[in-house]
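What follows draws every value from the coordinates through simple rules; no lab data is involved. This structure is a prediction, so every number in the text was calculated from the model and none was measured. As a convention, Cβ positions derive from the backbone with ideal geometry for all residues, glycine included, and neighbour counts pool all protein chains shown.
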Amino acid sequence: MTVPVFRFAPSPNGRLHLGHAYSALLNQKMARAMEGRLLVRMEDIDRERCTPALEQTMLEDLGWIGLQWESPVRRQSEHFGVYSQALEKLIGLDLVYPAFLSRKDIRREIEKIAGETDKWPRDPDGALLYPPSDRQLSQRERDRRMSEGKPFSWRLNMERALQRIALPLNWTETAPETHNVVAQPQDWGDVIVARKDMPTSYHLSVVIDDALQGITHVVRGRDLYHATSVHRVLQHILEIPPPVYLHHTLVLDHDGQKLSKSRKDTSLRDLREQGRTPREISDLVGL
């Protein structure tokens with residue numbers, strides 16, 4: 001019988017807040033109920049914003065609220081070689097291409113194609129879909145730009161990837177009851193899977209890490225619900241077995257907005273310094 005494996009995977013680029021506490025404690029509650037394991041992973045591929053000091057603060061705060069996890073903590077920054085291998089496979093399959101447009105260039109290119117950006121499709125996060133210009137470049141032109149050192153990102157050719165899969169994709173969502181969700185990866189267009197100076201992105205590293213750590217249950221915020229469609233594409237191409245998912249509700253502020261790491265009134269460290277107890281934190285998040 002497979003032992004359930006859960007994980008809590010924050011990015012150490014700020015202080016944990018009540019939303020993180022809810023997600024971490026929910027993972028622990030479910031792991032204990034299923035007699036499973038709980039891991040902690042630091043998603044620290046952004047080496048400019050993620051620091052060892054912030055990681056240490058996070059681990060201290062997690063210990064303070066009562067989270068108990070297995071050692072060692074996995075750090076994505078220590079596994080770029082693994083992500084590079086996955087990227088090379090995608091390049092070899094001709095499913096990614098170098099994309100050279102900056103954010104300003106994207107808007108200009110869309111305006112050139114469509115006249116305006118208002119009617120251009122956007123992804124589930126609200127960003128403009130990447131225009132097709134770089135996807136249509138010749139290999140000779142791509143090589144020229146890359147040899148000149150022009151900055152670029154590796155983007156997944158979503159249309160070609162879906163042609164390769166040629167079957168409906170879905171995932172198992174376990175709340176409010178277990179059901180299958182039909183993935184809609186085409187809504188994301190050509191997402192970034194790596195950058196020139198970093199052989200991965202959130203989408204690529206998260207599916208690889210979950211597989212390598214044997215994660216069976218991904219319990220994370222509702223804000224990542226739609227991103228699961230992209231993850232299912234990468235899992236299928238890289239022959240990675242998918243976990244089951246639970247996308248929980250978010251802890252919101254008084255204005256109904258998603259909490260931010262910059263909000264001191266919900267920071268676990270600030271609440272702790274104000275004299276709040278771990279029991280009070282659990283009560284505040286409903287656990």
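For the range 16-104, the Cβ-based charge dipole about the Cα centre amounts to some 220 debye (Lys, Arg positive; Asp, Glu negative; other atoms uncharged).
So for the range 172-287, averaging the separation of alpha carbon pairs under 8 Å that are six or more residues apart and normalising by length, what relative contact order in percent results?
Taking the mean separation of contacting Cα pairs over the length of the range 172-287, I get 24 percent.
Per residue, the convex hull spanned by the alpha carbons of the chain comes to 155 Å³. Dipole of the range 135-286 computed with +1 at Lys/Arg Cβ and -1 at Asp/Glu Cβ about the Cα centre; of Ala161, Leu137, Val233, farthest Cα towards the positive end is Leu137. Placing a pseudo-label 7 Å from each Cα along the Cα-to-Cβ vector at Lys119 and Tyr225 gives an inter-label distance of 3.0 nm. Rounded to the nearest whole Hz, the Karplus-based 3J(HN,Hα) values (6.51 cos²θ - 1.76 cosθ + 1.60, θ = phi - 60°) of the range 188-198 follow the sequence 8, x, 8, 6, 6, 10, 6, 10, 4, 9, 8, with x at glycine and proline. Stretching the chain fully between Arg140 and Lys29 yields a gain of 34.5 nm (0.36 nm per residue, less the alpha carbon separation). Each of Leu67, Val40, Pro52 was placed along the dipole of the range 29-88 (beta-carbon charges, centred on the mean Cα), and the one lying farthest toward the positive end is Leu67. Length, then width, then depth: along the principal axes, the Cα atoms of the range 1-155 run 54, 37, 35 Å.
What FRET efficiency, computed as 1/(1 + (r/R0)^6) with R0 = 35 Å and r the Cβ-Cβ distance, is obtained for Glu78 and Glu177, rounded to the nearest 0.05?
Efficiency, from the Cβ-Cβ distance: 0.35.
For the range 1-68, taking the reciprocal of the average inverse distance between every pair of different Cα atoms yields a Kirkwood hydrodynamic radius of 12.5 Å. Seen from Tyr130, the other residues with C-beta closer than 12 Å to its C-beta sum to a net charge of -1, counting Lys and Arg as +1 and Asp and Glu as -1. Among Lys104, Lys89, the ranking by other beta carbons within 10 Å of each residue's beta carbon, starting with the fewest, stands as Lys104, Lys89.
Using the Cβ of Arg47 as centre and a radius below 15 Å, the other residues enclosed give a net charge of -3, where K and R count +1 and D and E count -1.
Can you tally the net charge around Gly115? Count Lys and Arg as +1, Asp and Glu as -1, for every other residue whose Cβ sits under 15 Å from the Cβ of Gly115.
For residues surrounding Gly115, the net value is 0.
For Gly221, nonlocal amide neighbours, meaning residues 5 or more places apart or on other chains whose placed amide H falls under 5 Å from its own, are His248.
Only DSSP H runs of four or more residues enter the estimate; each adds -39500 (n - 2.57), and after division by the residues of the chain the mean residue ellipticity at 222 nm equals -11000 deg cm²/dmol.
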